[in-house]
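What follows is a set of notes on a single structure, which appears directly below.
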Amino acid sequence: MQAKASSPQSTGSGGLRQYLNRDLVLQYGVVWAFCLLLVFGVIAYPGLFALRNVQNILSQSAPLGIVSVAMTFVLISRGFDLSVASIFALGAVIFANRADPFGLWGAALTVIVVTFICGAINGFIVTKLNVNPFVATLGTGSVFGGAAFLYSNSAPQVPDHFDFIILGTGRFLGWPISIWLLLVIFLVGAFVLSRTVYGRSLYALGGNEEAARLSGIRVDLIRGSTYALTGVCSGLGGMILASRLGVGQADMGGSLALDAIAVVVIGGTSLLGGEGAIWRTAIGLLIIATLTNVFDSLAINTNVQQVVKGFIVIAAVALDIYARRIRA
Amino acid sequence: MSDTTLDRPRKTVAGAERAAFRATQVTKRFGGTLALDQIELEAEQGKIHALVGENGAGKSTFLGVLAGRVVPSEGEVEIFGQPHVFGSPREARRLGIGAIYQELTIVPRLSAVANVFLGQPYAKRGLLSERRMREEFLELRDRFDVSIDPDTPAGALSTADQQMLEIMRGARSGAELLLFDEPTTSLAPPEREGLFQVMEQLREQGTTMVFVSHNLEEVLHIADTITVFRDGKLSATGPRTEWTKASMVRSMVGHEVTEYRRVERAAPAPGTPPLLNAKGVTLPGACEAISLELKAGEILGIGGLVGAGRSSLLRSIAGVEPMSRGELFVEGRQVPWPRRPRHAIKHGIAFVPEDRKSQGLVLGMRAADNIVMSNMGEVMRGGVLSERKIAATSREIAAEFGYSADRVGTTVRNLSGGNQQKVLLGKARFCNPRVLMVDEPTRGIDIGAKDEIMGTLRKLADEGVGIIVVSSDLEEVIQISNRILVMAHGHLVDELDQSAGPVAVSDILNSAFGVEKNAS
């Protein structure tokens, strides 16, 4: 058991032979896929690695990436959250609407509290009312989404606050603040999942809830907390997007829920729970972002992009199921 | 009774008196274990045949073979003179077999009528003929003298009525050979009586019935012939009149073996205060007001048959059953009744569930992660899980249970059953329990791992841990325990002390079956 194990699944003990076995090829297949994508990407679009383009890719995918980190937690614990797009939009409109009266910090705090409550409601419905998470978050997604429209009167919220756009467009040490935030959240997420009791408990409960419960793990509390986490991360993502565009709108969530789930499963985190890692989500995000960037640069129709991405998600999940079967 | 074929009076006329079933050399292997070993048995038509035996003796497997559900590894079965086709419920039905399992196969949302006609409704050009089905349902109902409302959803009926629906389904499909797997376990006495009446009626109409039962009294009451299984073999078969409860138990156990390989045990000194004291443990429907006492360093075995409530007792004390109630004293101090496993662990009570795969282990995780799971606070440094501590402590625990310390990094899914069991026990051990409750410590594992596990449990007891063991392998219970409690039908029926000398398997069975002490 080597200490560098990045997830509780890695089997440790080195040797070149290990890296050639089928399991590892399957396990790290997504990394090779990403490398391949970079090679083809740079051929199709030579400007891919330009610093400006890289910053652009990353800051554009910051909101999705932040939500995806939280979604990784939810999926590892064998949950599901479809309400993130609505909470995201709610965060965006509240942030834009409250920026003037409360100031930026006050507005941000409000968003975090509200989105935390939204997520906690999801957690309560899933763990205490035992509603299937798919249905529960489909329902609350409608509730929160409706609330965002009601709150904003379906109108774009444009604050006068001069610094409103700082979160989305400001820079720190030469790089956009949104990229720093993305990085910090990825690092913290990876650390919590792999090195803390909480993270380990998530894997346990996703892998076998009954075993986790019998081990004395507070399964309801931990499962519920993952929804609170997606709530807050969605709110944060919403704030970043609203800030970048200088406006908060109730339809900003779009297909975020499915996009975030796509990012996580493309990286190789299983929908069946108990397995997965944050680095996988990072690769998944980079794959989607690079693909979008290359397609955009080639002026490929977004509808075509949609079709291609759909196939990629299905292929990723089918591959995961296949890999599990041959491992069993 | 030593004869292995049933008495068949008019054997001479070929074809006129076919046996309901005839099994020849039927053998069934599950992996390495021999569940059925060359069974030769035939049954006369129009009679009730009972199959009895200890847990795992092979009686249910044999019933499965008759039903066509279990495909024998070797041997043949004829049903009413025709070769049996295995693996197809439809074919079995064509041969005239109806099977009623313990887990009923009713569809809860459908009406009683619809359930009886499930899979073979009356229909005209694809449209169901409701009236005809209802008429026939009412006819069947009169015949069996029961009062089930045709329109009630089956899920709202009592278990007895649901079972009755299954029997009606069998009777209606024209089954001539009805198979019952422990039909009375979930029935109250009057419902049992009702079932027996129906069985007698069916017998009068010429239906042959085979049933598996743990209740020797009802076997003597209703069966025409009784067949005893032991260790996958047919022990003896004969007409009811030749059997008594005591002789059945003797036949189940075989030649009385008293020379067990016993694990050395040091009895706790007399006067030691109890470590654990559970009073009036009750789990509705499973166990009733059970009290037990456990001393430090003592291994308490719980004997009994499957379904006696042994697991429920452990699960209740372990806080796994929120519906349970009782009083709990740890080292003489009363603690609140545990409603969560977490609470029990806090009081120093660890529990090893019977199904290591579905309840015990996270199969996708490493052995080390599974071991430390019950007490992750132990392997932290500076608030963070320390890989080095996880490795060191899990190696230590693994070695204690005879699991190779170098394999703590292996994913549990890839381990053998024996090694998985060692990891599971290691996990329970890791939270430093004062009381360790183990449900089926050695089920489905090889003999070497079994010995190691038994040895480790004994060693833990010698270190002062109180241990409660439930096992279907009664010899194992005798082998390891200081004291044995016997349960039957959710009640504590006997306590056998082994300090004077080992008890025999037949002692436990006699208690479990309710044989009077001096009757045998």
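The values are calculated or read from the model by the stated rules, or taken from the named source; none is laboratory data. All values reported here derive from a predicted model rather than from experimental measurement. Cβ atoms come from the backbone with ideal geometry, glycine included; neighbour counts cover every protein chain shown.
Here are some notes:
- Qualifying positions in segment B:474-510 - among the charged types (D, E, K, R) and either surrounded by 18 or more Cβ atoms within 10 Å (Cβ to Cβ) or assigned to a loop (DSSP other than H, G, I, E, B) (or both): B:476, B:483, B:494, B:507
- On the stretch given as segment B:316-344, residues that are in contact (Cβ under 8 Å) with a residue 24 or more places away in the chain, buried (at least 24 other Cβ atoms within 10 Å of the Cβ) and either touching an Asp or Glu at 6+ places or on another chain (Cβ under 8 Å) or in a helix (DSSP H, G or I) (or both) total 3.
- In segment B:315-337, the residues that are within 13 Å of chain A (Cβ to nearest Cβ) and over 18 Å from residue B:432 (Cα atoms): B:315, B:320, B:321, B:322
- Filtered residue count, segment A:28-55, keeping only those that are surrounded by 16 or more Cβ atoms within 10 Å (Cβ to Cβ) and among the polar types (S, T, N, Q): 1
- Any hit, segment A:254-276, residues being farther than 27 Å from residue A:142 by Cβ, of a type in the set (D, E, K, R) and within 14 Å of chain B (Cβ to nearest Cβ): yes
- Hits in segment A:255-275 (condition: farther than 11 Å from residue A:71 by Cα and small (Gly, Ala, Ser)): A:255, A:267, A:268, A:270, A:273, A:274
- Residue that is nearest to residue B:445 (Cα to Cα), among those in segment B:343-359 that are more than 7 Å from chain A (Cβ to nearest Cβ) and of a type in the set (Val, Ile, Thr): B:352
- Test: residue in segment B:180-202 that is among the acidic types (Asp, Glu), under 23 Å from residue B:308 (Cα atoms), outside any strand (DSSP E or B) and at pLDDT 85 or above: no
- Test: residue in segment B:360-370 that is among the charged types (D, E, K, R), facing chain A (nearest Cβ under 10 Å), surrounded by fewer than 21 Cβ atoms within 10 Å (Cβ to Cβ) and not in a loop (DSSP other than H, G, I, E, B): no
- Some residue of segment B:22-38 being in contact with a His (Cβ under 8 Å, 6 or more places away or on another chain), surrounded by 17 or more Cβ atoms within 10 Å (Cβ to Cβ) and either of a type in the set (A, V, I, L, M) or at pLDDT below 85 (or both): no
- Looking across segment B:201-223 at every residue that is touching a residue at least 40 places away in the same chain (Cβ under 8 Å) and surrounded by fewer than 18 Cβ atoms within 10 Å (Cβ to Cβ), the one that is nearest to the chain's Cα centre (by Cα) is identified as B:217.
- Hey, residue A:225 of a type in the set (Ser, Thr, Tyr) and at the interface with another protein chain (Cβ under 9 Å from one of its Cβ atoms) or not: no
- Condition check for residue B:432 on (1) of a type outside the set (A, V, I, L, M); (2) away from chain A (no Cβ under 12 Å); (3) part of a helix (DSSP H, G or I): one failure, at (3).
- All conditions but one from (1) in contact with a Lys or Arg (Cβ under 9 Å, 6 or more places away or on another chain); (2) surrounded by fewer than 17 Cβ atoms within 10 Å (Cβ to Cβ) apply to residue A:172; the one that does not is (1).
- Helices (runs of 4 or more DSSP H) fully within segment B:50-128 counting 3 or more residues that are surrounded by fewer than 18 Cβ atoms within 10 Å (Cβ to Cβ) and out of contact with any Pro (no Cβ under 9 Å at 6 or more places or on another chain): B:89-94
- Search result, residues across segment B:413-429 that are away from every other protein chain (no Cβ under 14 Å) and either assigned to a helix (DSSP H, G or I) or at pLDDT 85 or above (or both): B:417, B:418, B:419, B:422
- Taking the criterion of being facing another protein chain (nearest Cβ under 8 Å), in a helix (DSSP H, G or I) and over 15 Å from residue A:276 (Cβ atoms), the residues of segment A:192-216 that qualify are A:195, A:197, A:210, A:211, A:212, A:213, A:214.
- Residue count for segment B:381-401 satisfying the condition of being more than 7 Å from every other protein chain (Cβ to nearest Cβ) and more than 34 Å from the chain's Cα centre (by Cα): 10.
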